[in-house]
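Accompanying notes for the structure given below.
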Amino acid sequence: MSNSVPAGYAPLNSETLPFYLCDKLPSHLNLGGEPAEWKVEEVGDGNLNLVFIVRGREKTIVVKQALPYVRAAGESWQLSLTRAYFEYNVLNVEAKFAGHDLVPEVYFYDQDMAIFAMEFLTPHVILRKELIAGKTFPSLAEDVGIFLAKTLFHTSDIGMNAVDKKALVSKFAVNHELCQITEDLIFTEPYFDAERNNWNSPLLDADVHKIWQDQEMIQVAMRYKYKFMTEAQALLHGDLHSGSIMVTETETKVIDPEFGFMGPMAFDIGNYIGNILMAYFSRPGWEQDHNKCVEYQAYLLQEINTTWQVFVTHFKQLWNDKQQGDAFPREIYQSGLGMSALELAQDTFFATLLEDTLVNAGLEMNRRIIGFAGVADFKQIADAELRAQCERRALKLARELIVHAKQYKNIDSIGQFAQGC
């Protein structure tokens, strides 16, 4: 994939998009009415792309176009248009294994314009906004756990034959620009005085400076940066947080996988758990009633527990039933050593994965509080002192998860430490 801007590329807007779509929409995708009548709204509030909602008389779609720079930073931070290619292809792979119950449908991709169209989700709302509002979702933990199990298992050497797995690695290996953003923003910049860092200053100055001198924590962060760069375990979403999930009371859809690449499974799981933990610690900034605050925090901790348990249960079942996958071959475990040996292998696998997940959760929390691209859970708390209190507690847990992850043998015990923060 080239980093250059194709000759025919031009950023679209609400006026030009309908006429572009006239020639590009598949014949079966009829929005209804004439293009001039379509209502187009640019709604992109993320860091990278243009996002349009296009409403015809009969159907509404979402159109996403990459810009040749980071939208949140401006043209000074150049970025390849190929991220649209990766997002389109990750969505297709995720849909293949997790289904359209959990992943939106995509309709077409135009490489020259770095643009693709996808299903409009309604009445779905971004999960982060709903967590800030204190809402609960009965199926969220199960949905996310199943999404993680299916996508990570089926794109790993445990569930995929070696030839197809290596082809998948090759296909996504060139998403190096977005990988480097992750490497810089999560694993590197929060641990020194980087220009892009943006914390709650001056209230957290002492806390941040202490982190920069914390050799024990920084050594772990560097080790996990190396793991992130070298372990191609499975196809990751790459940016799985509460802003990349849309929900209703009964449905969950995972969106925005433009950071997708072949990496360590624990990165996706840890990112999601880290964001739920930030919702936990930010809760006093959004709920003044102490009892209601504690009750909602208990709900969030249970969400973490259930997500992990659902993930393990479904991943293990897929593993037990697998018909292919060159790692842990069936011939040895199902007809040779037997199921007891397979259970031992699985116990070891999940123990390591839990440790790595906790570390990644802590790194995500540090990154969002100290570095570039913070989260609304904290950023939008109006009282700076209250916000600092919430963030300080989160930083305390983040360090515990990074430095002492090995001590936690089950996911439940994290909640006990969180409550003590």
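Against the condition among the small types (Gly, Ala, Ser) and closer than 29 Å to residue 262 by Cα, how does residue 99 come out, does it pass? The answer is yes for residue 99. Would you confirm, using the coordinates I've provided, whether residue 287 is surrounded by fewer than 17 Cβ atoms within 10 Å (Cβ to Cβ) and either assigned by the TED database to the domain that holds residue 109 or at pLDDT 95 or above (or both)? So residue 287 does not fit the description; no. The C-beta contact set for the stretch 180-197 (first residue under 13 Å from residue 73 (Cβ atoms), second residue in a loop (DSSP other than H, G, I, E, B), distance under 7 angstrom, 6+ apart or interchain) comprises 185/371; 185/372; 185/373; 196/371; 196/372. Across the stretch 126-162, the qualifying residues are those that are open to solvent by less than 40 Å² (accessible area, probe 1.4 Å) and of a type in the set (Ser, Thr, Tyr), and the one among them that is nearest to the chain's Cα centre (by Cα) is 151. Contact map, the stretch 153-172: residues that are acidic (Asp, Glu) paired with residues that are part of a loop (DSSP other than H, G, I, E, B), Cβ distance under 6 Å, separation 6+ or inter-chain. Pairs shown: 157/326; 157/327. Filtering the stretch 205-224 down to residues that are open to solvent by less than 40 Å² (accessible area, probe 1.4 Å) and under 26 Å from the mean Cα position of the chain (by Cα), which residue is nearest to residue 88 (Cα to Cα)? Result: 224.
Those strands (runs of 3 or more DSSP E) of the stretch 58-129 in which at least 1 residues are within 22 Å of residue 29 (Cα to Cα), considering only elements entirely within it, cover 60-65, 106-110, 115-119. Among the residues of this structure, residue 114 counts as one that is of a type in the set (A, V, I, L, M) and at positive phi. For the stretch 1-40, how many residues are among the acidic types (Asp, Glu), more than 24 Å from residue 83 (Cα to Cα) and either open to solvent by less than 80 Å² (accessible area, probe 1.4 Å) or in a helix (DSSP H, G or I) (or both)? Here the count works out to 1.
Criterion applied to 302, 309, 233, 297 was being open to solvent by less than 40 Å² (accessible area, probe 1.4 Å) and modelled with pLDDT of 95 or more, and the one residue passing it is 297. Of all the criteria given as (1) under 19 Å from the mean Cα position of the chain (by Cα); (2) touching a residue at least 40 places away in the same chain (Cβ under 8 Å); (3) closer than 24 Å to residue 180 by Cα, the one not satisfied by residue 111 is (1). Within the stretch 231-272, restricting attention to residues that are among the hydrophobic types (A, V, I, L, M, F, W, C) and assigned to a loop (DSSP other than H, G, I, E, B), the residue that is nearest to residue 100 (Cα to Cα) is 255. Of all residues in the stretch 80-103, those being surrounded by fewer than 19 Cβ atoms within 10 Å (Cβ to Cβ) and of a type outside the set (Gly, Ala, Ser) number 4.
Of the helices (runs of 4 or more DSSP H) lying entirely inside the stretch 132-230, those containing at least 2 residues that are among the small types (Gly, Ala, Ser) and modelled with pLDDT of 95 or more are 140-154, 162-172. What pairs come up if the first residue lies in the stretch 7-18 and is farther than 12 Å from residue 42 by Cα, the second is buried (at least 18 other Cβ atoms within 10 Å of the Cβ) and among the aromatic types (Phe, Trp, Tyr), and their beta carbons are under 7 Å apart, counting only those six or more places apart or on different chains? As it stands, the answer is 18/38, since those pairs meet every condition given.
The values are calculated or read from the model by the stated rules, or taken from the named source; none is laboratory data. Computed from a prediction, not measured in an experiment: that's the story for all the values here. Using ideal geometry, Cβ is built from the backbone for each residue, glycine included, and neighbour counts are taken over all protein chains shown. Calculation scope for accessible area: heavy atoms of the full protein, side chains included, ligands and nucleic acids excluded. Shrake-Rupley method; radii C 1.70, N 1.55, O 1.52, S 1.80 Å.
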